[in-house]
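Asks: This is the structure, below, for whatever I ask next.
The values are calculated or read from the model by the stated rules, or taken from the named source; none is laboratory data. Just so it is clear, the model here is predicted, and its values are computed rather than measured. Methodologically, a virtual Cβ is constructed for each residue, glycine included, from the backbone with ideal geometry; neighbour enumeration extends over all protein chains shown.
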Amino acid sequence: MIARKQPEAIYHLAAQANPQASVADPRGTWALNLGGTLNLLEAVRATGLRPRLVLVSSGICYGNPAPEHLPVSESCPLRPNNPYAASKGAADLLGIQHHLAHGADVVIVRPFNHAGPRQGSNYVLGGLARQVAEVEAGLRARIEVGNLDVVRDFTDVRDVVRAYRLLAARGAGGEVYNLGNGRGPGSPTPWPPSPPWPASRSRSASTPPGSAPSTPPASSPTRPSSALPPAGSRGSRSSRRLQTCWNTGGARSAGVPPPAN
């Protein structure tokens, strides 16, 4: 299919993406998340083509960062605490290896929590929305919540998709980008950040999705568009419409990204 479509960009999102399910089925999680990424990279390599590969990872790879690594940046050591996080971190390293050894045009993005229309109730905002609807319908008497002291960075899924397109067009090959809103709801983190934070990076109070840290909430710098190489620089593809393949585990389609909702 890759040889036939000859895409300029491939967005790799296919994964077993539930941390709890990964604990129940670690072998299946590793086979899909790492093995699937290897299959994609090798399939692209076999064609001799060099499309931009946006490998969608996760902020959960950072696990529970040590205090000296807070706020979390892209250089924070990976400390995965479940099979999902470990398998995604390994897939990131695989992408970097293919970039260095085979010249694959790989960009890795680690998004933090995001939500939007039709999100499943196994995620925190979807679960809260479902409980609210059930209370209003008289199906339950109260809303159950988890740890309210955790600060999480939430981004609208449609903005996340826009960021993927931006990274496909202007991201630097072989680089890792954290992706988040900039700060968590109710976060005491001042905005804008004070020195010594570089002006070109935003500060984000982010807890990796799916984790329940015992340490203070992690803060994660994200890379806004101003931190990306300018249009027209090395690796820029913004001057023309991208021919894309969305690798979501189902049917792939060529053309512009599908609607997020």
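Asks: Please pick out the residue among Ala17, Ala66 that is more than 19 Å from Val106 (Cβ to Cβ), among the small types (Gly, Ala, Ser) and within 17 Å of the chain's Cα centre (by Cα).
Replies: Ala17
Asks: Here's another thing I want to ask about it. Any idea how many residues of region 124-158 are free of Cβ contacts under 8 Å to residues at least 40 places away in the same chain and surrounded by 12 or more Cβ atoms within 10 Å (Cβ to Cβ)?
Replies: Summing the residues that are free of Cβ contacts under 8 Å to residues at least 40 places away in the same chain and surrounded by 12 or more Cβ atoms within 10 Å (Cβ to Cβ) in region 124-158 gives 14.
Asks: Filtering region 146-173 down to residues that are in a helix (DSSP H, G or I) and in contact with a helix residue (DSSP H, G or I) (Cβ under 8 Å, 6 or more places away or on another chain), which residue is farthest from Gln97 (Cα to Cα)?
Replies: It comes out as Leu166.
Asks: Suppose the filter is modelled with pLDDT of 95 or more and surrounded by fewer than 22 Cβ atoms within 10 Å (Cβ to Cβ); does Leu93 pass it?
Replies: Yes; evaluated as a whole, the condition is true for this residue.
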